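No value in this document is a laboratory result; all are computed from the given coordinates. All figures in this text were calculated on a predicted structure; none of them were measured in a lab. We place every Cβ from the backbone using ideal geometry, glycine too, and count neighbours over all the protein chains shown.
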Amino acid sequence: MAIPKLRGGVLAAGATAALLTLTACGSGSGSDSGSGENGELAGSTIVVSTFPFGVEDFQTNIVEPFERATGAKVEIDSGSNADRLTQLQLSGGSPGVDVMLISDTFAALGQEQDLFQRFDADDVPNLAELNEFAVDDAYAGPAYTYQLNGILYRSDEITSEEAAEWSLFEDPALAGKVALPDISATAGQLTVSGIAEAYGSGPYDVDTAFSVMGDWAPDVLQFYTSTTEVSNLIAQGEILAVPTIIGFVPPLVASGQPIGWIPPNEGRYMATNRLMIPEGAPNLEGAYAFIDYMLSQEAQEASIATDLPVRPDVTAAPSFTGLMGENAGDPVEMGYRTLSPEEITANRNDWVDRFAREVSGK
């Protein structure tokens, strides 16, 4: 759902003072100098474009505290990655958006078209407080959370040891009882690269990955495109195993059903969701302040129920760490890696076409 739009008046300058105000509010100092009409951003509007899911939590955990701290108003627009990127493409340099929360693949596609601008710790001081993987020079903006790819499985039918092996999906006993992600899903490219590493020469050996997955395809019940499909299939027992991202798994496990999730033994890849500033953003100072707040300890701690944090001083929620295993909370120590945005954007269209022909179309 979209939050009702709020329009302010005067665009404020002076992001540095606003950021100092946010730091004071987040530190428990008791200062209220950043709220209401006294805030450096008071009266301005910051337009934030985000995903269509979790908007109510985002409003409660991030937007409302930020508005109280700064006196700014945040207008939220929501939509899919693809739709929002298309809007930027058609905006002609006047995006009407100050901050965009978007997955790494679409962030890279937008960068290739010069749709996003770079910024650094001089603009957003909390960039200096993040885990190294979250501040990647390959991207114009930082990660604010990440998604690990792994295997969701029915623990009443499959052991965790079995689920951790990609070879599970070639087991004839599971014919018609497994699903795989379409390459368009967040888990799709992560799964292709994981199989490419486990069976081939590395994460971009898609020739090997497509060949292996094509052999599995006749026994795959469904190539899914959304996590809702996965939730329904696994909860109803229609499938016993499926590669998928961790983000939506804790509620499934908490429901008491015999469901587990485990990282694969080989080919561990993760996706990131990133904070990007479009070229032509109308409230650049507000964008800096909002991003800095989202990366603060306060905001990261407020979001741990739904998002994995990117600050070393914020611990992931037990609902996540209980699934992640050894070195939980540090994806790099767990053996997870990100994929090269240059490699993905250069080959994405070809790989999507080939996947449809060589894998899901079989």
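General remarks:
- Neighbourhood charge, 10 Å Cβ-Cβ cut-off, centred on ASN265 and excluding it, Lys, Arg +1 and Asp, Glu -1: -2
- Computed over the chain with a Gaussian network model linking Cα atoms closer than 10 Å, the most mobile of MET334, MET100, MET294 is MET334.
- Relative to the current alpha-carbon distance between ASP215 and ALA175, full extension at 0.36 nm per residue lengthens the span by 13.2 nm.
- GNM top mover of ASN131, ASN61, ASN349 - the chain, alpha-carbon springs below 10 Å: ASN349
- Computed from Cα atoms, the angle from the helix 206-216 axis to the main principal axis of the chain rounds to 60 degrees.
- Assuming charge only on the beta carbon of Lys and Arg (+1) and of Asp and Glu (-1), the dipole of the chain about its Cα centre is about 800 debye to the nearest 20.
- Centre-to-centre separation between the Cα atoms of region 205-222 and those of region 314-362: 17 Å.
- Largest GNM mean-square fluctuation across THR191, THR145, THR315, computed for the chain with C-alpha springs under 10 Å, falls on THR315.
- Between the residues ALA121, SER49, ALA198, the greatest Cα displacement towards the positive end of the dipole of the chain, with unit charges on the Cβ of Lys, Arg, Asp and Glu, is found for SER49.
- Here is the list for region 331-362: GluC sites (Glu not before Pro) lying in DSSP coil, each with at most 10 other C-beta atoms within 10 angstrom of its C-beta, are GLU333.
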